[in-house]
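Inspection log for the structure reproduced underneath, given as structure tokens.
The values are calculated or read from the model by the stated rules, or taken from the named source; none is laboratory data. Since this is a predicted model, take the numbers as computed values, not measurements. Here Cβ is always computed from backbone atoms with ideal geometry, including for glycine, and neighbour counts include all displayed protein chains. SASA here: full protein model, heavy atoms, side chains in, ligands and nucleic acids out. Shrake-Rupley method; radii C 1.70, N 1.55, O 1.52, S 1.80 Å.
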Amino acid sequence: MSGIPWTPINCIWLGFALFQTFGFIIIYHTKEDQFPQLKSLLQSLSALGKSRTTPHRFDVPKHFFTHFYIIASVWNGFVFIKILFGDRNSDIINLFQLPSGSGRSGGDLYTLVMAVSMIWFHVVRRLYECCCVSVFSPGGSMSPVIYAWGCFYYVILTVTIFAESLPADDLSWHFKHVLTTQQVLGTCVYLVGVLVQHHSIDALAQLRKENPNDTGNRHLLPFGGLFAYVSNPHYLGELLIYSGVWIVIGRQSKSFALVMFYLVITHMHLAKSSHLWYQKNFPCMPKERKALLPFVW
């Protein structure tokens, strides 16, 4: 992690990533009878949806995911417009500027606009899917901690992307090659992730729509597409989307390595929890199906 500026936001990313790593080890890599109270606490903080087997009084409905994407769409749209068309020295934008000598990366405006627009498109698409595609279980829930973090998450995500490039007025457009090899590769990975995630979310929604008698709290076992290989292709798609952004932004945001650390361990956690739930509730689930990465894990 050499060269990463240690800002308060980066400390938050690292703290959450280490917490998720600790939780993953305790829950899945210790004996079943070890640390029962700690495991219960960690699962109550991290589990959501069907994996959240013990509801709590202050739980939040899972369909409140929509709130994350409303906040994210507005914030990312504001940042995109400010950086591309508006006053790039806006007080709100430059509030996050790194102190002199704290690891400012500079770079070019074209790369920054690409990365922010990729995140903006992602959250707007997820907002559409939450409102018009997904069929949420009435009993699906998440902890208020996850809800609060989700509302905050996309704000600091975008800040992490642009903070090392500020002040944005110092950046210039580089159109010599229009798209570099790195940007083309990142965009391709990103688009594959978008297709994988959307197809998976649509497949889960169709499964419930085609079985109207099962649209209560009961979950069904999905088949077809990448579900033939993994239990959670939508999580795999999410990781591909962020990997694409990381490739595009490159060393212009060294801090994004911390975001990827957090995202990988978090999605491993979610995928493992979901995979074990499917195995427990559907004995007919193909044994060769993995949790997150086809043929590997």
Handout entry: residue 37 versus residue 223: modelled label distance in nm, points set 7 Å from Cα along the beta carbon direction
Key = 4.6 nm
Fill in the blank from the handout: Here Rg/Rh (Cα, Kirkwood) for region 231-296 equals 1.10
Exercise for the section: Could you list the GluC sites (Glu not before Pro) in region 193-297 that lie in coil according to DSSP, counting only those with at most 14 other Cβ atoms within 10 Å of their Cβ? Expected result: 210, 288
Problem - region 181-258: C-alpha gyration tensor shape, a/c 1.5 cut-off, then a/b vs b/c - result: prolate
Problem - Amide H contacts of residue 230 (H built 1.01 Å from N, under 5 Å, at least 5 apart or other chain) - result: 290
Handout entry: Residue-normalised accessible area of region 176-297, expressed per residue, 1.4 Å probe, Å²
Key = 49 Å²
